[in-house]
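Let me begin by presenting the structure, written as structure tokens, before commenting on it.
The values are calculated or read from the model by the stated rules, or taken from the named source; none is laboratory data. Note that the structure is predicted; figures quoted are calculated from it, not measured. All Cβ positions, even for glycine, are placed from backbone atoms using ideal geometry, and neighbour counts span all protein chains on display. For accessibility, only protein heavy atoms count, side chains too; no ligands or nucleic acids. Shrake-Rupley method; radii C 1.70, N 1.55, O 1.52, S 1.80 Å.
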Amino acid sequence: MNNMGHCNFELVPNWLFKWFPPLKYLMYTPSFHSLHHTQFRTNYSLFMPFYDYIYNTMDKSSDTLYEKSLKGKEETADVVHLTHLTSLHSIYHMRPGFAEYASRPYTAKWYVRMMWPMSWLSMVLTWSYGSSFTVERNVMKKLKMQSWVIPRYSFHYGLSWEKEAINSLVEKAICEADKKGAKVVTLGLLNQAHNLNRNGELYLQKCPKLGVRLVDGTSLAAAVVVNSVPQGTDQVVLAGNISKVARAVAAALCRKNIKVVMTNKQDYHFLKPNMAEDAAENLLFSKTTTAKVWLIGDGLDASEQFKAQKGTQFIPYSQFPPRMARKDTCTYSTTPAMVVPKTLQNVHSCENWLPRRVMSAWRIAGMVHALEGWNEHECGDIVLDMEKMWSGALLHGFRPVAQV
């Protein structure tokens, strides 16, 4: 605390005091103590400002200097990735959490499970916090990127009474990024859920004058899945909830004359009318299939996976990894992601369950969008040109995970 107070650099973030307001009386900041060395007869406390408040020796400019010091070093980001917390213990897997733990793909470790009282407390404090917060900063060439976390966990997104609050938090973060001059905001994980905000379309309707581009990353996520299908494949199975990415993948494969077999009749009748005439004939419905490539999404249970033949390759198109029910000769690919180039710096933590220096396609899409200088939104029903997005990603050094 003594070293921090004399470092002459404001490093205590503002969100800490917003999260727990009484902390301002219990812990001083470098800017607070710097006034003792410039004004001499103020801010005596080491290390609790509480006593300066009691004896009226607090410098009147303490709060102003603190805010000014923070603004002086605040960086603007070109790309902001909006994500959220996943499981109860995921807060330790973020960059500000346990560095060693965050440097490996997320798994529930025994020593983390033992910290469940702290995990519950952090969940309550996070839930009560009313703004997103920054957990990672990256640089690629001249592009500056930040990852902001919406203070909600995955289970909150399934609660109907949390829907309005989450949308308000996301909208607030988008407007803040726009105000700070960001070029692109990407919506990660459930922040782009269709039942929450129609893949981000809601925010364009509420904020029609947005200067920042909203990107849900569908085009690149779908392109990653399509390019993960082994060469020479003439038939695939599409199973799981039919998301925006699933629709884009099915359309792209059908255009390539690859048969897309669906095992759910209701989903088949939903998707078929939306297909182009020249591709619709390649979309089929069948309860049984011999295809050894399955494209799978959320909602696919273990019993469905056991209908696949031995040696089947399961390729997820979902944001979250599927439960790996098959322990035989079947293989499971990662969720849509790419390896980042060496020019992308400061990547010291893993993005959820993905390996080090591998990022989700939804996140990378925003980087490519900004690097290419594109001016379109990709949200709602809009899907950008998949070939163009895929080529742009390769051009800037991103590579398929299989090429690691």
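Solvent-accessible area of the chain (1.4 angstrom probe, protein heavy atoms only): carbon and sulfur portion equals 56 percent. Partner lysines whose Cα lies under 17 Å from the Cα of LYS68, excluding those fewer than 8 positions away in the same chain, are identified as LYS18, LYS24, LYS60, LYS180.
The slack between ASN8 and ARG113, meaning 0.36 nm per residue of separation minus the straight C-alpha distance, is 33.9 nm.
Filter the trypsin sites (Lys or Arg not before Pro) in region 277-313 down to the DSSP loop ones having no more than 10 other Cβ atoms within 10 Å, then list what survives. Here the sparse-neighbourhood loop sites are LYS287, LYS310.
For the options TRP161, TRP19, TRP148, a Gaussian network treatment of the chain with springs between C-alpha atoms closer than 10 Å singles out TRP161 as fluctuating the most. A DSSP coil position with no more than 13 other Cβ atoms inside 10 Å describes the following GluC sites (Glu not before Pro) in region 296-404: GLU376.
Measuring r between the beta carbons of SER154 and SER103 and using R0 = 22 Å, the FRET efficiency lands at 0.50. Under the simplified labelling scheme, the HIS269-ASP234 pair shows an inter-label distance of 3.1 nm, with each label point 7 Å from Cα along Cα→Cβ. Its DSSP H runs of at least 4 residues, each contributing -39,500 (n - 2.57), put the calculated 222 nm mean residue ellipticity of the chain at -9500 deg cm²/dmol, to the nearest 500. Taking all protein chains into account, the per residue accessible area for the chain stands at 50 Å² (1.4 Å probe).
Calculated FRET efficiency, TYR55 to GLU75, Cβ-Cβ distance, R0 = 35 Å: about 0.40 to the nearest 0.05. Here each label is just a point 7 Å from Cα along the line to Cβ, and for THR329 and ALA165 those points are 5.1 nm apart.
Among bridges DSSP assigns within the chain, what percent are antiparallel (round to 5)? Approximately 30 percent, going by the DSSP bridge assignments.
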